[in-house]
Amino acid sequence: MSGGESAHQPPEVLTEKQAERILAGMNEVIRAGEEMRRLRAEMIKLLAGFGWTQERIAHVTDMSQPAVSKQMAKHRTDAATDAAEQPVGLSLGQPDAPWLEGRLWGLAEEISETVPGTACCTGFVDALARGRKRLTPQNVDELRRLVEEDLRLHRSELPAAHRAAYDAISRGLDLPSQVATTASASVRRSIARQIQRDVLSAGA
């Protein structure tokens, strides 16, 4: 080995910045996994509150019945200390920010699937689905801009219901209200996202 080569040998330890870059992707995956597990646990609590059986919950969550039973037992213990627990409403027109954000997410997904390959919001909704992005206030603003652009560019391809949904969501996000429920923001976003998609699909 020449002297020039030895003079440029890499350091024997990683720098902090190198380690951060290596671990950044791993941390995103781990974080997304933890968030999905928490969300699934909260959904089990919600479904149990709707009166679903353990067998039915196990089927839709792809979990074993003993695992579901353990989760439900924990939720019963938690509920005993929270007598004021409020059920989640399923009306589409709820005015709180998490619900409206979920509706926006669902609308963006419908737009992405209606105009595949050309929708401005496709990359964003893919990142949301994979846990690489979260619906922070800044990201919600970005998604609103992307949806507005898609509604403008693909006006002839998108049903009028998409524009009507966006107008209602946008008005709500400009002045969100509070809703009396103990369900987490993640659960409310997830439910609103699915209901919005179902409504748009049914009207297509």
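Just a few scattered comments:
- Pick from the stretch 158-204, criterion among the aliphatic types (A, V, I, L, M) and part of a loop (DSSP other than H, G, I, E, B), ranking: surrounded by the fewest Cβ atoms within 10 Å (Cβ to Cβ): Leu175
- Residues in the stretch 1-20 that are surrounded by 11 or more Cβ atoms within 10 Å (Cβ to Cβ) and either modelled with pLDDT of 75 or more or part of a helix (DSSP H, G or I) (or both): Gln18, Ala19, Glu20.
- Within the stretch 111-147, the set of residues being over 22 Å from Met36 (Cβ atoms) and of a type in the set (S, T, N, Q) comprises Thr114, Thr118, Gln138.
- In the stretch 110-155, the qualifying residues are those that are part of a helix (DSSP H, G or I) and of a type in the set (Val, Ile, Thr), and the one that is farthest from Val187 (Cα to Cα) is Thr114.
- Ala129 meets all of the listed conditions (1) at pLDDT 90 or above; (2) under 18 Å from the mean Cα position of the chain (by Cα) but one, namely (1).
- Scanning the stretch 99-157 for residues that are among the basic types (Lys, Arg), open to solvent by 60 Å² or more (accessible area, probe 1.4 Å) and touching a residue at least 40 places away in the same chain (Cβ under 8 Å) gives Arg130, Arg132.
The values are calculated or read from the model by the stated rules, or taken from the named source; none is laboratory data. Nothing here was measured: the structure is a model prediction, and the numbers come from that model. Backbone-built Cβ (ideal geometry, glycine too); neighbour counts: all protein chains shown. Please note that ligands, DNA and RNA were not included when accessible areas were found on the heavy atoms of the full protein model with its side chains. Shrake-Rupley method; radii C 1.70, N 1.55, O 1.52, S 1.80 Å.
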